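Have a look at the structure below before the remarks.
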Amino acid sequence: MATQPAKIPARTSTAALYPWRSMGISILGMVVVWGVVQWLSQSGVLNLFITQTLVIMGINVILAVSLNLITGVTGQLVLGHAAFMGLGCYFAAILTYKMGLPFPVGLIGGGLVAGLGGLVIGLPTLRLRGDYLAIATLGFGEILRIVYQNWDYVGGAVGMSPPQLANWTWVFWLAVLSVLIIWHLVDSSHGRALQAIRENEIAAEAVGVATTRHKVTAFIIGAFFAGIAGGLYGFYNYAFQPSSFDFLHSFNILVLVVLGGLGSITGSIVGAVVVTALQAALQSYPYIQNVIFALLLILMMLFRRQGLLGRYEFHLSMIFPGLRREEKGGHSDGARS
Amino acid sequence: MEPVLELEQVSIQFGGLKAVSDVDLRVESQELVGLIGPNGAGKTTIFNLITGVYEPTNGTLRYLGAPMHAPTHRLAQMGIARTFQNIRLFGQLTVLENVLIAMHGHVSYGWFDAMLRTPRYWRTEAAMEEEAIALLRRFGLETHAQDQARNLPYGSQRLLEIARALAVHPKLLLLDEPAAGMNAQESADLVQLIRTVAHDFDLAVLLIEHDMSVVMNLCERIYVLDYGAVIAQGPPEEIRQNPKVIEAYLGEEAEQAIADH
Amino acid sequence: MGFFQMLVQQLLNGLSQGAIYALIALGYTMVYGIMRLINFAHGDVYMVGAFCGFFLTADLHWPFPAALVASMLLTSLLGMIIERAAYRPLWNAPRLTMLITAIGVSLFLENLFIVLVSPDPRTYPAGVLPQHTFQFFGGVRFTLNDVLFWGVTAVLTFGLQFFVQNTRSGQAMRAVSFDSDAASLMGIDVGQTVSLTFAVGSFLAGAAGVLIGTVYQIDPLMGIMPGLKAFVAAVLGGIGIIPGAVVGGLILGEVESLVSWAGFSNYRDAVAFIILILILLVRPSGLFGSTAKEKV
């Protein structure tokens, strides 16, 4: 079996030569993006509205990428992602604002509670078939919302008004970190196992993938990052209510993922950026904007089911060929059963 | 030496229907065993029992001498691999990924290694990929390594199912109609391939097949199943001549098929 | 009023709410039975029905019975259009795709109506129905409206059961729901049957919308909660089973009413979802369903 490989376009080579150069340039690029925005908004060139939009973009990127891990990569339709976000937001606020712990502790604590929520919700429901899972997660989200509404300690229906502790720097770097971690995860044996569950659960089980455990783990990780996004949301916006985390918000997150392309991490980033920008541009016409997004969602399903990017991953090497890393499966039309 | 697989008086009932009744079956180590019978005789149900998809209503299954009580994926990790009659590949993933996924049960790095890309991640990935490519080369699929599995021609998809099953590191390989849809030449090549693979990987094989030439050429022993019960078993020559098999169940077509070989 | 009278009062209130859930749940269960689709837009069809009734009675001054029937016909047309335009092109697509489309249609209808008629709540014109309150059993009350709810629901449910059991179209529906490939081989026009299913389901939802409008305020988002709850009712009764949907709807209405009475009215909306999760965990096939295992 030690014959010379004829043509192996694969990772053996890249594994040996971990792309330090590519990583260096990526980090440099991100520092530049962060710094430019930071500088422009500090110096007042970017007005508050644009800065706000960029922050929301970052939060939406975390939400979209984390939902994509569950729905796009693992194939489990979840209609309660905003509920995980809500758990993170509420518990970050409780830990920081009510109990006086430092903000980073509250943020991570909120993420962990959301992850725990993912475990509690995922264990029983992930045995259910696709559409039942969707409706069960929606139900859990609504139950949580009603609990917050009746919980005076966290402000009941009025919600809470924590101080603004999150800012562009926090959101940007946490978004980068979330994307990187989830990307790495998808591109690993565990990530392949998750995709196998999406493709054919029975075959995945037959080749030794512990399907339930993997689904629950994907759920926990997705919920954790949604919780982080929730904490950032609450501590950037000054205020949040139970209704901030209802199932309409869950639908909105799903729209980001679907428009970007189920299963494509870069697609989710593009989806989050494009939709947030459009929402900001149309914010004087909130209702018409919603009609447009609903129509877009329907048309996307009818005519370009794979989303903007499909499962295709966009990489810097497409602009700078010197950064070549690895080629993935290529185009796909997103059809599966 | 104890048999790799042993079924003792195994039955399963769905509602009022007894799909498999009182089946005794053994597969010795390195043995190639055939399982034949008309459609609906319960062959695939036996595979589902062996792989833990179904629980038997009665009887015991033993694997390497120990009773089997584990979920499907555990049994796979313990060395029971299978292919499917209706091909079940991971269609949108690449050929290489299909094989890599089957090695996941033995993967030595954890979720955090993956998220943080530790050295262990890189080492393991490289080793897995090398093994997967070697396996694909054996089946002549290495040039398709980066193609989507569903774009492979039908015959190659069947081969990939076998390659994927081998990536599980099995001791027992269950093949569900591997020659279905293949022409005579392809079937003959398949027989040769299964024989060498079984020898090289030290496998016991249990094979469901309708193509009599494949079964008769490959198998050392054959079980004949009808209405969920074993009606005959023995080496191919015996089965070929067993009047009970020919008359009561295989019918004239099969007689013809057997006579042809 | 004594405890017993109050209990009867609560049960009567629950019966009226349950009748509405039942009417909506029927459409969910029929569509799911035939296409395995949770038609998220169904609650919004109910909302459209309520608005049709509003405009016919308030602006065109139609008499109530005419407005009711006309609204039901309009919503069944809407149901058929939704099926044709949004779902039929996706028959061969993965189920996830159609489910997301259904969410899209739901959001579209809600926001379109917000743009068209404004998000403000409205009330049906006073006197659209004669008002009368009956009293019996030492103070237990119900209104003419309640009688109308029960009567319309009973007539439509039994009518539907007759239609499905005894007409050719109804048999075609049952056949497609059982096995659409086999039905199509036997010469049943599957497309037409699906279309008819949406028409009938939306017809019933339209009735529910107009009925509720005679009692409560209506607005473009009014369909969301009853829609979700009616789906829960359908799952509770066993999805795809027509009598199950009615029983599920009535049970849900009664339980909500009793929970409110017990002092947990703030948690009223959570009841349906708790029931949903319990039923999915304990008996996913519902009260009247039978279990089936996926074929390997």
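The values are calculated or read from the model by the stated rules, or taken from the named source; none is laboratory data. Model, not experiment: these values are computed from the prediction. No Cβ is skipped: glycine too gets one built from the backbone with ideal geometry, and neighbour counts run over all protein chains shown. Just so you know, the surface numbers come from the protein's heavy atoms only, side chains and all, with ligands and any DNA or RNA stripped out. Shrake-Rupley method; radii C 1.70, N 1.55, O 1.52, S 1.80 Å.
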Quiz item: Helix C:3-35 versus the longest principal axis of chain C: what is the Cα-based angle in degrees, 0 to 90, to the nearest 10?
Solution: 20
Exercise. Just the number, please: carbon plus sulfur as a percent of the accessible area of segment C:3-282, 1.4 Å probe, no ligands or DNA/RNA counted.
Key: 67
Quiz item: For C:TYR28, C:TYR267, what's the largest-to-smallest order of accessible area, 1.4 Å probe?
Solution: C:TYR267, C:TYR28
Exercise. Compute the accessible area per residue over the protein assembly as shown, keeping the other protein chains in place, probe 1.4 Å, unit Å².
Key: 41
Exercise. Round to the nearest 10 and give me the degree value, 0 to 90, for the angle of helix A:265-281's Cα axis relative to the longest principal axis of chain A.
Key: 40
Quiz item: Mind checking how much accessible area A and C bury in total, 1.4 Å probe, in Å² rounded to 100?
Solution: 3800
Practice problem: In nm, give the distance between the simple-model label positions of C:PHE137 and C:LEU116, each being 7 Å from the Cα along the Cα-to-Cβ direction. | Solution: 4.2
Exercise. Would you jot down the residues in segment A:194-210 that end up with at least 50 Å² less accessible area in the complete protein assembly than in the chain alone, with a 1.4 Å probe?
Key: A:GLU199, A:ASN200, A:ILE202, A:GLU205, A:ALA206, A:VAL207, A:GLY208
Exercise. Round to the nearest 10 and report in Å² the accessible area of C:PHE158, as given by a 1.4 Å probe over the protein chains' heavy atoms.
Key: 150
Practice problem: May I ask what percent, to the nearest 5, of DSSP beta bridges between residues of the protein assembly as shown are antiparallel? | Solution: 60
Quiz prompt | Residues of type aspartates and glutamates that A:LYS98 reaches as a straight line, Cα spacing below 18 Å, ignoring anything fewer than 8 places off in the same chain | solution = A:ASP152
Quiz item: Under a point spin-label approximation (7 Å from Cα along Cα-to-Cβ), what is the A:LEU119-C:VAL69 distance to one decimal in nm?
Solution: 6.2
Practice problem: Give the relative contact order (percent, whole number) for segment C:3-282; include only Cα pairs under 8 Å separated by 6+ residues. | Solution: 40
Exercise. Run the numbers on chain A and let me know its relative contact order in percent, using alpha-carbon pairs under 8 Å that are six or more apart.
Key: 27
Practice problem: Quick one: order A:TRP151, A:TRP168 from most to least accessible surface, probe 1.4 Å. | Solution: A:TRP151, A:TRP168
Quiz item: Which pairs, out of B:LYS18/B:LYS244; B:LYS43/B:LYS171; A:LYS215/C:LYS229; B:LYS18/C:LYS229, put more than 32 Å between their alpha-carbon atoms?
Solution: B:LYS18/C:LYS229
Quiz prompt | Reduction of at least 40 Å² in accessible surface, 1.4 Å probe, comparing all protein chains with the chain by itself, residues of segment A:273-300 | solution = A:TYR287, A:VAL291, A:ALA294, A:LEU297, A:ILE298
Exercise. Note the angle between two axes, namely the Cα long axis of helix C:95-117 and the longest principal axis of the Cα atoms of chain C, as a number of degrees from 0 to 90, rounded to the nearest 10.
Key: 40
Practice problem: Using only the Cα atoms of the protein assembly as shown, build the gyration tensor, take square roots of its eigenvalues as a ≥ b ≥ c, and label the shape rounded, prolate or oblate: rounded if a/c is under 1.5, else prolate if a/b is larger than b/c, else oblate. | Solution: oblate
Exercise. Pop the C-beta distance of B:HIS106 and B:PHE14 into the FRET formula with R0 = 51 Å and round what comes out to the nearest 0.05.
Key: 0.90
Quiz prompt | Given 16 as the ceiling on other Cβ atoms within 10 Å, longest exposed-site-free region of chain C for trypsin sites (Lys or Arg not before Pro) in DSSP loops | solution = C:1-292
Self-check item: Cα-centred dipole magnitude for chain A, charges only on beta-carbon of K, R (+1) and D, E (-1), debye, nearest 20
Solution: 600
Practice problem: Measure off, as a whole percent, the carbon and sulfur share of the 1.4 Å-probe accessible area of chain A, all protein chains present. | Solution: 68
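Using only protein heavy atoms and a 1.4 Å probe, how much accessible area in total is buried between A and B, to the nearest 100 Å²?
4200
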Quiz item: What is the distance, in nm, between label points placed 7 Å from the Cα along the Cα-to-Cβ direction at C:ALA58 and at A:ARG304?
Solution: 4.0
